[in-house]
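One structure is given here, and the rest of the page talks about it.
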Amino acid sequence: MEVKKGICLLLCICLLLLVFTGCSSKQEGLAISYNLAEEPVTLDPQIANDYESRIVIAALYEGLTRLNSNNQTTPGVAERWESNTDYTSFTFYLRQNAVWSDNTPVTAKDFVYALQRAVDPQTGSATCTPMYAIKNAKSIHQGNMEVSALGVAAINDYTLKIDLEYTYENFPSITSLPVFMPCKQSFFESTTGKYGLDANRILGNGPFKMANRYSWEHSQYINLIVSDTYHGENPVSPSSLTFSIGDLDINHIKNFSAVSLPNASYAAELEQTGYTISSFPDTTWGLCFNTQSDLMQSSAIRKAFIQTLNRESLLTYIPTGCTVANDIIPTDMFFMGKNYRSFAGSSFYIKHDDSTIQHTVTVLNERGLTKMPSITILCLDDPNVKQMVNEMIAVWNTKLGSYFNMEPVSQIELEKRVLQNDYTVALCPVRPANSSPVSLLSLFQSNHMNNPANLNSTTFDNLLNRAEGAPYEIALELYAQAEKFLNEEGIFYPLYYQQRYYAITPDLTNIIIHPYDMGIDFIYAAKS
C-alpha cells in the first residue's frame with residue numbers, strides 16, 4: 001500500500017510540474033489580440049472573399065510565398081523558386097519539413113489540388129481571377145476546359161511547376177494570396193461540404209492553428225495558438241492569437257494589441273499616448289448613381305448631375321484625414337508589379353459643363369416628365385460630408401429646376417443601402433480587396449454581388465473580360481478604358497480618398513500591415 005501511495009504521490013508531483021511548466025511557458029509567451037468587425041464568412045482559402053476571413057486565413061495557412069512589411073515577396077512553403085528566361089514558367093521548390101497541423105507533409109500535390117479546385121466552376125470562387133495568369137485557368141473557370149488542363153504540375157512531392165499564359169516576372173508575389181494556398185484533398189473531402197466553416201473542419205499549414213474544436217465560437221471569438229508543426233523561414237513570435245468578433249468599442253481599444261480605427265481623430269489621440277500609427281488610402285468616396293433606377297438609367301441625366309457641380313467648392317469640405325481623389329483608382333495601385341497610374345494617366349473625372357443640362361430636357365420628355373423630379377441624396381452622417389452634399393443640392397436646386405434632399409445615415413447603414421440598391425444617388429465608398437486596379441474595377445461588373453451602381457453594361461464587362469489573361473500592356477490599356485467608361489458615363493464621380501488607420505500598442509513591434517483589404521500579419525509580432 002505504501003508503495004502504491006508513493007507512486008501516486010510521485011505521479012501527482014510530476015503532473016503538477018507539467019502544469020506549472022506549461023503555465024510558466026504561457027505567461028512568458030506573447031498573446032496577441034485583434035478585433036474583427038464581422039464574422040468571417042468562411043475560412044476556406046479558395047473561396048474566402050471578405051476582409052475578416054483573409055486576416056484569419058493568413059494566420060492559419062501559408063502559400064508558396066509570403067509578403068514582408070514592404071510587400072516584397074519572401075519564401076513561404078516554397079523555400080526558393082526559379083523561372084525560364086521569359087518568365088512564362090515558374091518552378092517552386094517546397095521545404096521538405098513543411099507539414100499540416102496534423103503533422104502530415106505538405107506536398108506539391110496539395111497545391112495542384114487547391115489551384116484546380118479554385119478555378120473549377122463548381123467551386124464558385126469569386127477570388128480566382130488573379131489565377132488567370134496560369135495557363136488555361138480562365139477557360140477552365142468559364143467551363144470551356146477540364147480542370148486537369150490547368151498549367152500546374154507536381155514534378156515530385158516537393159517540386160511544383162506552374163506555366164503561365166504570358167510573361168509575368170512578378171508572378172510569385174500573388175501566390176501569397178489566400179486563393180493560392182494549399183488544400184489537402186483527403187481532409188477536404190472528409191468535411192462533406194463544410195470545409196472552413198468550423199474549427200474542426202479546418203486543416204492549416206500556417207504559423208497558428210485552432211486551439212481545439214471549440215476555438216471558433218461563431219459571432220464571438222476565434223482562438224488560435226502557435227502551431228508546433230510549422231517550420232517557416234523564421235520562427236513564430238506570438239504564442240497565441242485571439243480574434244474578438246463584433247463592433248469595436250472605442251472605449252476598449254487598449255484591450256487589443258492592434259486595431260483598425262474608424263477615423264483620423266482616434267489615430268491622433270492614440271499616437272500621443274505612444275501607439276504606432278500606420279495608414280494608407282484604401283477607399284475612394286464619390287457620387288454613385290443607381291443605374292437601374294428609372295431616372296438614372298440615362299447617362300445624360302447622370303452627367304448633368306455631375307457636370308453642373310463646382311468641384312473646387314465641393315473639395316473644400318473633404319473630411320479630416322482625407323485627400324482629393326481625381327480618379328476612381330488610387331495612385332498607389334499596381335498591376336503585375338507596375339504602377340497603374342504611371343501607365344494609365346490621371347484625372348479621368350468628367351469636367352464641369354453646364355451645357356449638359358440641355359440634354360436632360362429631351363430625356364425627361366421621353367419619360368413623360370416636364371421637369372426634373374425631386375431626388376434624395378444618400379450620404380454619410382458626417383458634418384463635412386453633409387456640407388458637401390448641401391453644396392451639391394444648392395447647385396442642383398438652381399440649375400436643374402427642382403428641390404433635392406439629403407438623407408444622412410451611419411456608414412454601416414449607407415453601405416447596406418447601397419449594396420441593396422436602395423437609393424437613387426449616394427455619396428458612398430468603394431474599396432478594393434487588394435492593391436490591383438482589377439479588384440476595384442471588378443466591383444462594377446454586371447455579375448458582381450457588391451456592384452454599388454447596379455451597373456449592367458456589356459461594354460464595361462467586355463473590357464474587363466478581354467483584359468483577364470491578356471499580356472501586360474494590352475491588359476493595362478483595357479483597364480484604363482474601363483476606368484474612363486465609369487467616369488465618362490457618369491457611373492461614379494470620385495471626390496476623395498479615405499485613409500485606413502491602424503494603431504499598434506506601444507509595447508509591440510513587427511506587426512505587418514498590408515494595404516487595402518490584404519490583411520494584417522502577426523507572425524513576427526514581438527515585444528519592443
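Points worth noting:
- Looking only at segment 211-256, and only at residues there that are of a type in the set (A, V, I, L, M, F, W, C) and assigned to a loop (DSSP other than H, G, I, E, B), the one that is nearest to N200 (Cα to Cα): A211
- Conditions (1) part of a strand (DSSP E or B); (2) within 16 Å of P178 (Cα to Cα); number of the one not met by R80: (2)
- P130 vs. criteria open to solvent by 30 Å² or more (accessible area, probe 1.4 Å) and in a helix (DSSP H, G or I): yes
- One residue alone among S101, S69 is modelled with pLDDT under 95 and either assigned to a helix (DSSP H, G or I) or touching a strand residue (DSSP E or B) at 6+ places or on another chain (Cβ under 9 Å) (or both), and that residue is S69.
- Among the residues here, L160 does not qualify as buried (at least 22 other Cβ atoms within 10 Å of the Cβ), in contact with a Pro (Cβ under 9 Å, 6 or more places away or on another chain) and not acidic (D, E).
- Candidates N223, N255, N200, N205 - the one that is in contact (Cβ under 8 Å) with a residue 24 or more places away in the chain and closer than 26 Å to C183 by Cβ: N205
- Condition check for E62: surrounded by 10 or more Cβ atoms within 10 Å (Cβ to Cβ), touching an Asp or Glu at 6+ places or on another chain (Cβ under 6 Å), among the charged types (D, E, K, R) and at pLDDT 90 or above: no
- Some residue of segment 281-299 being over 19 Å from R500 (Cα atoms), open to solvent by 10 Å² or more (accessible area, probe 1.4 Å) and not in a loop (DSSP other than H, G, I, E, B): yes
- In segment 137-153, the residues that are buried (at least 17 other Cβ atoms within 10 Å of the Cβ), touching a Leu at 6+ places or on another chain (Cβ under 9 Å) and of a type in the set (G, A, S): A137, G151
The values are calculated or read from the model by the stated rules, or taken from the named source; none is laboratory data. This structure is a prediction, so every number in the text was calculated from the model and none was measured. When we count neighbours, we look across all protein chains shown, and the Cβ atoms used for this are built from the backbone with ideal geometry, even at glycine. Remember, those area values only see protein heavy atoms, side chains included, never the ligands or the DNA or RNA. Shrake-Rupley method; radii C 1.70, N 1.55, O 1.52, S 1.80 Å.
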